[in-house]
Amino acid sequence: MTSSDTIYITGHLHPDTDSVASAIAYAFYKRALGIRAVPCRLGSLNAETRYLLQRFHFEEPMLLKDARVTLEEIKLDPLTYITPETTIFEALQSMNRENHTYCGVVDADRKLIGLVTKSDIAAVGLGDTAYNISIITKTPAENFCRTIDGRMIYDDPEMHLNGKVSIIAMTSPDNLCRYDVRDRIVIIGDDPQAQKAVLREGAGLLIVVWASDIDPSVIELAKEHHCPIMISGHGSMNTSRYIYFAPPVSLIMQKKLVSFKTNELAEDVGAKMMRSRFHIYPVTDPSGRLTGYVARYHIMNSENKKIIMVDHNEFSQSVRAIEKARVLEVIDHHRINDFSTTQPVSFRNEIVGSTATIVATIFRENQIPIPQNLAGLLLGAILSDTMNFHSPTTTQKDHRTANILAALADLDIDTFADEMFAVTADTSGRSLPEMITQDMKIYDIRSCKLSISQVMVPSVGHFREDSAEIQNSVDTFAKKKQLDLSVVVFTSIMDNGSIVYAGGNRAPWILEAFPDRDGEEHSLQEGLLSRKLQILPKVTQVIESYD
C-alpha cells in the first residue's frame, strides 16, 4: 500500500477519545464510499480510550509519525536477489528476465551483502584478461559445468588452475607439444589420444566438446593428475565464451554500497542521492533484509501523505511536517487559528461539543448505516468530550446525536457514562508527569508558548492536599519543555469544577484568570469544565493583556 492511494485520517497530538473515535469512524465512512482510508493516532492512548476500543472491539489506530512519505510507502522496483554462490552467468540471466541492470546479493537471512550490475559483468566480458584469470582461479569446477550446460564426468577436490584457457579442439596429438597447457582450462575435441596427451602435460581442467562420453582410460589418467573432466553442451566457441562467466558473483560484487532503509524519508533519500552517481540503490528494512530498489525517478514521482484532520485544525497540534502534506479535509469543533493550505480543502467546523457529533451527522446525511459497535464508540466520544453533557460546550445537537447513537448501540446513556467515567477518573498507577502529558495541547499566543493539560479525576480534594508535589512537577515540566506557561487543570464532574496549577516564568498570571479565595491555594473553580470554552479563553485574555 503506497501513500499516493491512501488517505490518513488523524486526530491531534496527545489523542483523546473524541479524536481517536472520530478518526476511526470517518475512515469507516470513507471506506464505505470506496476510498482507501486509514485511521491514525499521534501518540499513546489514555485509559478511557483504550477501554472503549476494547469494549467495542476496535484495534488501536496506527501510529503516524510524519506526514512525509518514507521509502516503505513508495512503490519500489520489485524484490529480486541472488546469493554469493550464484554464477555471473546466472546473475545475467536473472537480470534479463526481470529487465533489470542490477541484482542484490543476500546471505541466508536475506540480508544485503553486495550488489552486482551489468557494468560489473561487462568488466568480466570486456575487461583485462588479468582480471578474468584472477577470478577463474577461485571458481569451483561445478560452476563451469553449470555455465556451459555441461555434464560432469569426473570432479577432483585437488583441481589446479592458473586461470588461463587454451582451445585445442582441432589440434592433432602430434602438435600438442607446441602448447603450454599446465594448470590451464583446456577445451578439446572428442579424441582420447589428444585428451590423454594434455592430461600428461598437466592440464588443470578438461572440457570436451562434441562428445557424448569419455573413454574410461582418459578418466583413469585424469584421476592420476587431479584434473576434472566435463562434457560441454556447446561448441568450442561458445564454451570458451561462457566459462568466463562461471565465477561466483561474490568475486565481482560491489561491497561498499550506498543503500537506504525503509523508514527513511523520501526527501532525505533524494538529498543523499544527489551526493552520489549511482542509478539504483538497494533498500533494506531496519534489520538489513533486502526489500527492494529505489531510483531517482521513484523519489521524483513520490508524493507526501494525503491527510484528513479531525478534532483539530492547528498545524501545531498535528502530525510532524503536516505543512508538507496534502490536507484534503478538516472536521473540527475548535477555534480556527493557524490553518493555511496551498490548495482548497473541505473544511467543516461546527459549534458542537464533540467532533464525533459531526461525524455521526455525516453518516446520517449520506445515509450510511452506523454499525452497532461504531455507534457505541461514537457515543463514548460525545460523552467524553461533553463530560456527560456537563460541559458548557454541549449543544442540543450533541444530545440528539447521543440519543440516536445510544439507540443504535443498545446502551443506556447514564449507565454507560458511569462505567466509562469510572475508568477515566481512575488515576491509580499513573505518575504526575504521565497525567500532565496525557491530554495536553500546546498553543502559541502572542509571545507566550503555552500548554494546557486537563486531567479527569474522581474528586479534586486529593490534588489539593498534595499541592507541593504537584507544583514541583508542573514547574519541572515547564522548564523541561521550555514553556512560558504550563497550565494543569484537575477536573471532577462529581465536584462540578476544577483546580488549577501553573508553572513557567508567567505562572503568576494564572491567578488573574482563576483567582483563589481568600486564605486558600488552588481553590475549586466551580463550573470550570471546558478547556475550549472556558480555560483557554480566560488564559488567552490574560496573556493578551500583558502582551
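For region 348-441, with all protein chains in place and a probe radius of 1.4 Å, 50% of the accessible heavy-atom surface sits on carbon or sulfur. Rolling a 1.4 angstrom probe over the protein heavy atoms with all chains in place gives the chain an accessible area of 46 Å² per residue. Simple spin-label estimate for Asn505 and Asn337 gives 2.1 nm between the two label positions (7 Å along the Cα-to-Cβ direction from each Cα). Can you give the net charge of the other residues whose Cβ lies under 12 Å from the Cβ of Pro192, counting K and R as +1 and D and E as -1? Taking every Cβ under 12 Å from that of Pro192, the sum is -4. With the convex hull drawn around the C-alpha atoms of region 70-144, the volume per residue stands at 115 Å³.
Label separation (Met494 vs Asp180): 10.1 nm, computed from points 7 Å beyond Cα along the C-beta direction. Ligands, DNA and RNA aside, Met62 has an accessible area near 70 Å² when probed at 1.4 Å.
Positive end of the dipole of region 185-271 (Cβ unit charges, origin at the Cα centre): among Leu205, Cys227, Thr262, the Cα lying farthest that way belongs to Thr262. Our coupling estimate for region 340-357, obtained by passing each phi through the Karplus curve with A = 6.51, B = -1.76, C = 1.60 and θ = phi - 60°, is 7, 9, 8, 10, x, 9, 7, 10, 10, 10, 10, 8, 9, x, 7, 5, 4, 4 Hz, Gly and Pro reported as x. For region 349-481, the percent of C-alpha pairs falling in each 10 Å distance bin, counted from 0 to the bin holding the largest distance, reads 11, 33, 29, 20, 7, 0.
Between the residues Ile153, Leu112, Leu76, the greatest Cα displacement towards the positive end of the dipole of region 44-158, with unit charges on the Cβ of Lys, Arg, Asp and Glu, is found for Leu76. Label zone (Ser276, point 7 Å along Cα-to-C-beta; backbone nitrogen cut-off 15 Å) within region 74-104: 102-104.
Cα centroids of region 478-522 and region 212-259: 83 Å apart. Working from label points 7 Å from Cα in the Cα-to-Cβ sense, the Trp210 to Gln372 distance is 8.5 nm. Taking every pair of alpha-carbon atoms in the chain, give the share separated by more than 41 Å as a whole percent. The calculated P(r) of the chain puts 48 percent of pairs beyond 41 Å. Rounded to the nearest 20 debye, the dipole size of the chain about its Cα centre is 1720 debye, using +1 on the Cβ of Lys and Arg and -1 on the Cβ of Asp and Glu.
Students often get this wrong, so check it: of Lys138/Lys196; Lys138/Lys223; Lys261/Lys305; Lys30/Lys272; Lys30/Lys324; Lys75/Lys111, which have C-alpha atoms separated by over 28 Å? Distance filter (> 28 Å) returns Lys30/Lys272. Heavy-atom surface analysis with a 1.4 Å probe gives region 40-107 a carbon and sulfur content of 47 percent of its accessible area.
Sites listed here are chymotrypsin sites (Phe, Trp or Tyr not before Pro) in region 447-547 whose DSSP assignment is loop and whose Cβ has at most 14 other Cβ atoms within 10 Å, and the list is empty.
The values are calculated or read from the model by the stated rules, or taken from the named source; none is laboratory data. Every value quoted in this text rests on a predicted model; they were computed, and no experiment measured them. Glycine gets a Cβ as well: all are built from the backbone with ideal geometry, and neighbour counts include every protein chain shown. Note: areas computed on protein heavy atoms with side chains; ligands, DNA, RNA excluded. Shrake-Rupley method; radii C 1.70, N 1.55, O 1.52, S 1.80 Å.
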